[in-house]
Amino acid sequence: MTVLDDKKKLGSNDYVSFRVVEDRDNDSQRLRVNDNGELEVPYVGLVPARGKSCKELAYTIKALLEKEYYYHATVILAVDRVSENPAAGFMSMAQSKRRDRRKFRQTRVTR
């Protein structure tokens, strides 16, 4: 687990590959970080992922798995796809106000 990426921070709509080595299943599962910044991990449920690196998140998941399901868990977590624009569709309050002022200026009152 020491070789996992500790540079890239995860964000909403990022996809990661997830695998527990002790399962002896060579197939990774593809998981998506949801809009709330959480990752739904098998057995564990929702785990906060936004702002964490794969390495940080793998150690968090490892601890959660070892509480109830494994004596020892080796978690492999890697970024599959990074969201192109995680904030797409969201507008700040300032942007919203500027847009509304522009619309107001563009409208003409006719009598």
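Looking at 14, 6, 25, which is the one that is touching a strand residue (DSSP E or B) at 6+ places or on another chain (Cβ under 9 Å), surrounded by 18 or more Cβ atoms within 10 Å (Cβ to Cβ) and either modelled with pLDDT under 90 or at negative phi (or both)?
Of 14, 6, 25, the one residue that is touching a strand residue (DSSP E or B) at 6+ places or on another chain (Cβ under 9 Å), surrounded by 18 or more Cβ atoms within 10 Å (Cβ to Cβ) and either modelled with pLDDT under 90 or at negative phi (or both) is 14.
Collect the residues in the range 29-84 that are touching a residue at least 60 places away in the same chain (Cβ under 8 Å), within 12 Å of residue 10 (Cα to Cα) and part of a strand (DSSP E or B), keeping them in residue-number order.
Here is the first cut: in the range 29-84, the residues touching a residue at least 60 places away in the same chain (Cβ under 8 Å) are 62, 74-83.
Keeping just the survivors that are within 12 Å of residue 10 (Cα to Cα) gives 77-83.
Correct list: 77, 78, 79, 80, 81.
In the range 49-100, how many are touching a Ser or Thr at 6+ places or on another chain (Cβ under 9 Å) and modelled with pLDDT under 60?
Of the residues in that region, 2 qualify.
For residue 20, indicate whether it is among the β-branched types (Val, Ile, Thr), within 11 Å of the chain's Cα centre (by Cα), surrounded by 13 or more Cβ atoms within 10 Å (Cβ to Cβ) and modelled with pLDDT of 90 or more.
The answer is no for residue 20.
The values are calculated or read from the model by the stated rules, or taken from the named source; none is laboratory data. Keep in mind that this is a model prediction, so the values were computed, not measured. Heads up, the Cβs are rebuilt from the backbone with ideal geometry, glycines too, and the neighbour counts pull from every protein chain shown.
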